[in-house]
1. Using the structure shown, select from Lys148/Lys244; Lys160/Lys244; Lys160/Lys380; Lys166/Lys226 the pairs with a Cα to Cα distance greater than 24 angstrom.
2. Grab the beta carbon distance between His371 and Met180, set R0 = 56 Å, and tell me the FRET efficiency rounded to 0.05.
3. At 1.4 Å probe size, what's the solvent-accessible area of Ser21? Round to the nearest 10 Å².
4. Can you pull out the trypsin sites (Lys or Arg not before Pro) in segment 204-237 whose DSSP state is coil and whose Cβ has at most 14 other Cβ atoms within 10 Å?
5. Counting other Cβ atoms within 10 Å of each Cβ, which chymotrypsin sites (Phe, Trp or Tyr not before Pro) in segment 137-215 have at most 16 and sit in a DSSP loop?
6. Could you check the simple spin-label distance between Leu329 and Glu41, using points 7 Å along Cα→Cβ, in nm with one decimal?
7. Which chymotrypsin sites (Phe, Trp or Tyr not before Pro) in segment 273-376 pass both tests, a DSSP loop state and at most 12 other beta-carbon atoms within 10 Å?
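The values are calculated or read from the model by the stated rules, or taken from the named source; none is laboratory data. All figures in this text were calculated on a predicted structure; none of them were measured in a lab. Don't worry about glycine lacking a Cβ; one is built from the backbone with ideal geometry, like all the others, and counts go over all protein chains shown. Side chains included, ligands, DNA and RNA excluded: accessible areas come from the protein's heavy atoms. Shrake-Rupley method; radii C 1.70, N 1.55, O 1.52, S 1.80 Å.
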Amino acid sequence: MASLSVKPGQRYTLPDWQNNSLLISANAEQQRYNSHHVRQEGRALRNETGNQAKWDEHNSRTHLKDRITTVDRWREALARYLTEIDSEIDALTKVKEAAENAIQEKNLWLDVAIECLTLRESRRDIDVVRDPVEEELLREVKVIEKTKRELQQRVDDAFKQLCLLKEARQLVELDLQHKMEALELDRLCMSFNPTSGNISFKVNPTRIPDGSTALSEWEQNSRCNKERAEAEIKASVDLRGAIKLSIAQTNNELEAQRIATEFALRKRMRDMEAALNELRWQEQNTLEEIAEMEEEIRKLEEEIHKRTLDLKVAHTRLETRTYRPHIELCRDKAQYGLTDEVQQLEGIIRALQQKRTESQDALDALYRQLHRIQTDMGYKTNSLQLDNKCMDTRRKLVIPVEKFEPEVDAVNRTRDLPRNNQLEL
């Protein structure tokens, strides 16, 4: 008799089967809804990020264009100032050479005038009179010498101004070179696009490079270079006018200036002697103060040494008391006293060291002041000696002209012949 074969295992009911189908359908609907929502969000994000990226790139490109325009304007201005500075350097150099040539021309005039005066010194007896010719020759000598000094000062001023112009030119040229390099780099940045072959990720590209400056500093630097160039050009133009005026001018200072010069020379010598006496008094007092300060520093060092020994004793006592056994290792009054003593001694030593430092600084200042006094004394002594030599030179006025030995001056190419009062006598 045949039997029915039944598959072993759990048996589900029809409602279970139906519920499972409904659950699968519901899950499928939910997953499709979630996927659709994610797709919509992704699309919105793509649109938003794409627009933002395009807008950011547009802003960056606009900022680069604006920056290129600004830097290019400064480049044009600096290039113009560089050209103007070069032109002004050439013009001032020519005026300076004209002043130097004028100085050289005055040497011949001075040689002729002095030679005429020397020849007229050979007059004897009653003929040695101060006639209008001699007065005119003396006036001529003074005018020529004063003109030479003024022109030499103008030449020195022109040399200094040329140095300033070249310094300003160097600053402008350096700034112009930097701006040209910056323009080249910014224009290179403008040429970059997503299809460029030389783009890549960089390490920490948003870092602030060393030496970076603020925009205000950049503008201030460019403005300073521009204003410096303008100021130096203006000063050079004014100086050229002054040099041309000095070349064209003459000053008719006569006998009163000679008297004023001698009076000023004597007064200067008296003032110099008074200043030297004052400096000698200051030097003596400073030396005494240095000796006292050195003694005070020595005493401070001795006191620091004594207090250091006391501190060593206190430290040793404290360290030795740390070896007391068991309960004896207590913080008694002796312990507190030693601790207070260490703190007090440390404070005292610091105060003494501070005072020693201050004293040493004061001593160094005294030595510097002494050096300054002695240097100034040397200057004044040298100046006084020079003034005395000037007065001794003026004693040549009492020496007969026949015994006067002319010497050749290699600088001015003129003979060191009698001047002013000597010629007048």
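1. Too far apart for the 24 Å limit: Lys160/Lys380.
2. 0.65
3. About 50 Å², rounded to the nearest 10.
4. In loop regions of segment 204-237 (DSSP not H, G, I, E or B), the sparsely surrounded trypsin sites (Lys or Arg not before Pro) are Arg207.
5. Counting only loop positions with at most 16 other Cβ atoms within 10 Å, the chymotrypsin sites (Phe, Trp or Tyr not before Pro) in segment 137-215 are Phe192, Phe201.
6. 6.7 nm
7. Sparse-neighbourhood loop chymotrypsin sites (Phe, Trp or Tyr not before Pro): Tyr323.
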